[in-house]
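Trainee: I have a structure I would like to understand better, so I am pasting it below and will then ask my questions one at a time.
The values are calculated or read from the model by the stated rules, or taken from the named source; none is laboratory data. The structure displayed is predicted, hence computed values, not measured ones. Glycine gets a Cβ as well: all are built from the backbone with ideal geometry, and neighbour counts include every protein chain shown. The accessibility values were calculated without ligands, DNA or RNA, using every heavy atom of the protein model including side chains. Shrake-Rupley method; radii C 1.70, N 1.55, O 1.52, S 1.80 Å.
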Amino acid sequence: MDDRIFTLDDTNRILPLVRVITRDAVRRYRDVKLAIRELEKLKNQKRAGIGVGGWDLARRDGQIEGLLVDLRRLIDELEELGCRLRDYEKGVIDFPAAAMDGEHFLYYCWEM
């Protein structure tokens, strides 16, 4: 993330793009969580001797890896804009800003 300081106008100007990227990141995060739960379920079934093969586990693991790569790309896009995804489930974005007195630091926050 760069050291960009946002004004309220700056924040409002890029919000449409941030909204789209954040929506996609939240969805991808949910997909990752679901895929991990499913992988754990498969592992438990395998431990219990219920017909789960190594191929099933490897396929699910590969899917998770791909989802994580997509999520990282979306996070990088937000950071390149100068903002930060703070809450992956709610879609809370922080925009670094300077306080009116010029001495303090604050964030404009937006939630999806």
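Trainee: Looking at the range 39-48, is at least one residue under 30 Å from ASP9 (Cα atoms) and not small (Gly, Ala, Ser)?
Mentor: Scanning the range 39-48, I find no residue that is under 30 Å from ASP9 (Cα atoms) and not small (Gly, Ala, Ser), so the answer is no.
Trainee: Among (1) within 28 Å of ASP9 (Cα to Cα); (2) under 10 Å from the mean Cα position of the chain (by Cα), which single condition is LEU68 missing?
Mentor: Evaluating LEU68 over (1) within 28 Å of ASP9 (Cα to Cα); (2) under 10 Å from the mean Cα position of the chain (by Cα) leaves (1) as the failure.
Trainee: Yes or no: GLU79 among the acidic types (Asp, Glu), surrounded by fewer than 15 Cβ atoms within 10 Å (Cβ to Cβ) and either under 15 Å from the mean Cα position of the chain (by Cα) or closer than 28 Å to VAL18 by Cα (or both)? Explain how you work it out, then say what you get.
Mentor: Numbers: among the acidic types (Asp, Glu): yes; surrounded by fewer than 15 Cβ atoms within 10 Å (Cβ to Cβ): yes; either under 15 Å from the mean Cα position of the chain (by Cα) or closer than 28 Å to VAL18 by Cα (or both): yes.
In short, yes.
Trainee: At least 1 residues that are at pLDDT 80 or above and small (Gly, Ala, Ser) in each: list the strands (runs of 3 or more DSSP E) lying fully within the range 43-112 that qualify. Give the derivation first.
Mentor: Details: elements: 84-87, 92-98, 105-111.
Passing ranges, in order: 92-98.
Trainee: Suppose we filter the range 5-33 for residues that are over 14 Å from the mean Cα position of the chain (by Cα) and open to solvent by 60 Å² or more (accessible area, probe 1.4 Å); how many remain?
Mentor: Step one: list which residues in the range 5-33 are over 14 Å from the mean Cα position of the chain (by Cα), which gives 5-17.
Filter once more, keeping what is open to solvent by 60 Å² or more (accessible area, probe 1.4 Å): 5, 7-9, 12-13, 16-17.
Matching residues across the range 5-33 total 8.
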